[in-house]
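Below: one structure in structure tokens.
Coordinate-derived values only; no laboratory data. The structure presented is a predicted model; accordingly, all values stated were derived computationally and were not measured. Note: ideal-geometry Cβ built from the backbone for every residue, glycine included; neighbour counts use all protein chains shown.
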Amino acid sequence: MGDYALPCFRLAKELRRKPPEIAQQLSEALLAQNSPWIEQAQVAGAFLNIHVVPGTLAQKLVPALRQDAHVSKLPAFLGKQPKVMIEYSQPNTHKVFHVGHMRNVALGDSLGRLYEACGYPVIMANYIGDEGAHIAKCLWYIEKQGAKVPSEGRGVWLGDMYVGADKALEAATPEELVQFQKEISLVLRDIESKAGPRYDFWRESRQWSLDDFNDIYQWIGARFDHVFCESEVSEESQKIVDEFLAKGVFVASDGAIGLDLKEEKLGFVIVRKSDGNTTYATKDLALAGRKFTQFAVEKSIYVVASEQNLHFKQVFRTLEKMGFAQAKNCFHLSYGMVVLPDGKMSSRKGNTITFSDLREKLSAELDKNLEKYRGEWPEEEIDRIRQRLAVGAIRYGMICSDPVKDIVFDLQDWLSFEGNTGPYLMYSYARTQSILRKAQEQNLSPSESDLTELRTPEERELLRFLNDLNPVILASCEQNKPSLLCHHLFDMCKVYNRLLANNSVLRAETEQLRGARLALLDAFSHALKAGLALLGIVPPERM
Ligand code: ARG
């Protein structure tokens, strides 16, 4: 019932008075100040409802937004922040990169942008799964089949070989299975020996996957400041086992070594199996140690699917037992699955959508829309628009839902220009640019001298959305939820489009009002662009 409301229940306890009384007293005190900010301060039961003077708000916000001096003032306002590392993407080599993996990339990258906007020194990190049984399986299968390496699409081919290996193992008779497992362990041993033709082939093929990953990161615009690999921490992880076994933190049990966390319902965490190999968890201990010491990370975020919830609880608790004080500043940003409209994606069933398929589908769909501009707009610009729309649609679709929820990947839906989609937000931006261009053609320009003219319901509401942008950015960062910013931008665009439906801009009643509205539109477009940038989305200037 106002622009902002203050529920007075919380104060009642402390002040030992009834909430409506407190609201009444606050209202009188606020009004007595004759502040240029307060238009009304009404009491409604236990609430104090405040109406802000729109003109004052406009004078504060519109010039700052138009000079890009609003969102950018957050770091100075928030002060010194701890150094944070955001580890994200972390794909496994020799497996195909599919649509599901894009959710992690979109989430992690946007989170990094949000932290940076809030003044944190940020290191964006990757952690490549480049060793272990899945790779041995893949290389074993290639050898077994005598498969020929194709001249193109080698990363995807490796993924197919991995699936082939899985199928072969599934179809094997019990005797065959024993034999195959033996062969696979030999491949694994050869890779780990770090010499010989199998090791060489591992290195060579690993690079094919890495090249594919880099293409994908470039396409989507994801940044990595440092890349860790599982293969580089495995030696260290052996040392950690020895060191903390000697210190009595780890204990031997049934031939294995680990940490007993059964009392905390976290089970027995194995750090060295009876065959002498360390585990995925051990490598995470080594990795965390590096992050703390080599990079002096104060806050460490891991963007990883919810299937690994238990794993990270175990790792963080183990780090604590090992004496790392930073363990309590480790955070697992857990996220749900990406499912297809007809069910779960599974690389075995072959119903995944690979990145290359996705890129092609996106282009084909978007071309249907862009066709009409061919010949009219430069070819390069059309290519750029297509790219921005494609990336924006995917990024937005991947992060507009709360991270814990499963999401349905629906290309048609995500590409729609209506509803809660990336293209809708980008369209709202382009629409403003087109109005501003039209104004310029008619020699009309935005003016900041009569911002107090802005007072229709839609103008007021839009101003409030602009004012709330910074607090929402901060909340998205603090709660690790880019989805909060998505919702805010979506709602802001809805108000904006309503404003255009109900208020004339180029044909406003007076010249003053026209100038003020054009300035408001321009401020909106700067705010939207800045908000989208934090989601990794760059809107086209026209579309
Ligand atoms: N590569 C792993 C996987 O695909 C994810 C790694 C997550 N990060 C970590 N520090 N464990 O399951």
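Taking 0.36 nm per residue of sequence separation and subtracting the Cα-Cα distance, how much length would be gained by fully extending the chain between THR510 and ASP275, in nm to one decimal?
76.3 nm is the gain from fully extending THR510 to ASP275.
May I ask for the net charge around ALA256, where only other residues with Cβ less than 10 Å from the Cβ of ALA256 are counted and Lys, Arg are +1 while Asp, Glu are -1?
Working: positive: ARG272, LYS273; negative: ASP254, ASP275.
Net local charge, ALA256 excluded: 0.
Order by neighbour count: ILE216, ILE86, ILE473, fewest other Cβ atoms within 10 Å first, most last.
Values: ILE216 20, ILE86 30, ILE473 23.
The order, fewest Cβ neighbours first, is ILE216, ILE473, ILE86.
Now for a different question. With labels modelled as points extended 7 Å from the Cα through the Cβ direction, what inter-label distance (nm, one decimal) is found for LYS247 paired with GLN67?
According to this spin-label approximation, the distance is 5.3 nm.
Under a point-charge model restricted to the Cβ atoms of Lys and Arg (+1) and Asp and Glu (-1), what is the dipole moment magnitude of the chain relative to its Cα centre, in debye to the nearest 20? Intermediate results must be reported in sequence, preceding the final value.
Values: 66 positive and 72 negative charges, 222 e Å.
For this selection, approximately 1060 debye.
How compact and how long is the stretch 299-351, expressed as Rg and Dmax of its alpha-carbon atoms in Å?
15.3, 47
Which value in nm describes the separation of the simple spin-label points at VAL149 and GLU371, placed 7 Å from the Cα toward the beta carbon?
4.2
Going by a ≥ b ≥ c, the root eigenvalues of the Cα gyration tensor, does the stretch 415-461 fall in the rounded group (a/c under 1.5), the prolate group (a/b larger than b/c) or the oblate group? Mind dumping the intermediate values first?
On the way: a/c = 4.01, a/b = 1.45, b/c = 2.76.
The shape class here is oblate.
Binning at 5 angstrom from zero up to the longest distance, how are the C-alpha pair distances of the stretch 217-283 distributed in percent?
4, 16, 22, 19, 12, 8, 7, 7, 5, 2
A further question on this structure: Rounded to the nearest 500, what is the 222 nm mean residue ellipticity of the chain from helices alone, with -39500 (n - 2.57) per DSSP H run of 4+ residues and division by all residues?
On the way: 19 runs with 305 residues, N = 543.
Calculated at 222 nm, the ellipticity per residue is -18500 deg cm²/dmol.
Of the listed peptides 495-508, 166-179, 218-231, what is their order by residue-averaged count of other C-beta atoms within 10 Å, with the highest listed first?
On the way: 495-508: 15.1, 166-179: 11.6, 218-231: 17.0.
Highest to lowest by the protection proxy: 218-231, 495-508, 166-179.
Can I ask one more? Towards the positive end of the charge dipole of the chain, with charges on Cβ (+1 Lys, Arg; -1 Asp, Glu), say which of PRO446, GLN207, ALA41 has the farthest Cα.
Farthest towards the positive pole: ALA41.
Could you tell me the distance between the Cα centroids of the stretch 267-306 and the stretch 363-409, to the nearest Å?
Comparing the Cα centres of the stretch 267-306 and the stretch 363-409, I get a distance of 37 Å.
Here is a further query. Taking +1 at the Cβ of each Lys and Arg and -1 at the Cβ of each Asp and Glu, which of LEU287, GLN387, THR56 sits farthest along the dipole of the chain towards its positive end, judged by Cα position relative to the Cα centre?
THR56
Now for a separate question. How about LYS405: which lysines have a C-alpha closer than 27 Å to its C-alpha, ignoring those fewer than 8 places off in the same chain?
The reachable lysines, counting only those whose Cα sits under 27 Å from LYS405, are LYS95, LYS265, LYS299, LYS313, LYS328, LYS344, LYS349, LYS361, LYS481, LYS494, LYS529.
Also, quick follow-up: Roughly how many Å is it from the Cα centre of the stretch 147-186 to that of the stretch 503-519, as a whole number?
68
Let's see if you can work this out: charge +1 on each Lys and Arg Cβ, -1 on each Asp and Glu Cβ, no other charges. What is the dipole magnitude of the stretch 170-227 about its Cα centre, in debye to the nearest 20? Don't jump to the answer; show the numbers that get you there.
Numbers: 7 positive and 12 negative charges, 54 e Å.
The calculated dipole for the stretch 170-227 is roughly 260 debye.
Treating the beta-carbon of each Lys and Arg as +1 and of each Asp and Glu as -1, no other charges, what is the dipole magnitude of the stretch 248-367 about its Cα centre, to the nearest 20 debye? Don't skip to the answer; put the middle values down first.
Details: 17 positive and 14 negative charges, 66 e Å.
Computed about the Cα centre, the dipole is about 320 debye.
Between PHE77 and PHE417, what is 0.36 nm times their sequence separation minus the Cα-Cα distance? Round to one decimal in nm.
Working: separation 340, 0.36 × 340 = 122.40 nm, distance 3.60 nm.
Gain on stretching PHE77 to PHE417: 118.8 nm.
Would you list MET102, MET426, MET337 from fewest to most Cβ contacts within 10 Å?
Working: MET102 23, MET426 26, MET337 16.
Least to most surrounded, the residues fall as MET337, MET102, MET426.
Students often check this: by mean Cβ neighbours within 10 Å, which of 459-468, 310-319, 274-283 ranks highest, and how do the rest follow? Intermediate values should be presented prior to the final figure.
Values: 459-468: 21.2, 310-319: 19.7, 274-283: 17.3.
Top of the packing list down: 459-468, 310-319, 274-283.
What percent of all Cα-Cα pairs in the stretch 1-93 falls into each 10 Å bin, going from 0 up to the bin containing the maximum distance?
14, 26, 23, 22, 10, 4, 1
Consider just the alpha-carbon atoms of the chain and return their Rg together with their Dmax, both in angstrom.
Taking only Cα atoms of the chain, I get Rg and Dmax of 28.2, 89 Å.
Okay, next question. Within the stretch 296-379, report the GluC sites (Glu not before Pro) that DSSP leaves as loop and that have at most 11 other Cβ atoms within 10 Å. It would help to have the intermediate numbers written out before the result.
Values: sites: GLU298, GLU307, GLU320, GLU360, GLU365, GLU371, GLU376, GLU379; in loops: GLU298, GLU376.
Of the GluC sites (Glu not before Pro), the ones in loops of the stretch 296-379 whose Cβ has at most 11 other Cβ atoms within 10 Å are GLU376.
Cα axis of helix 355-370 to longest principal axis of the chain: angle in degrees, 0 to 90, nearest 10?
Once rounded, one gets 30 degrees.
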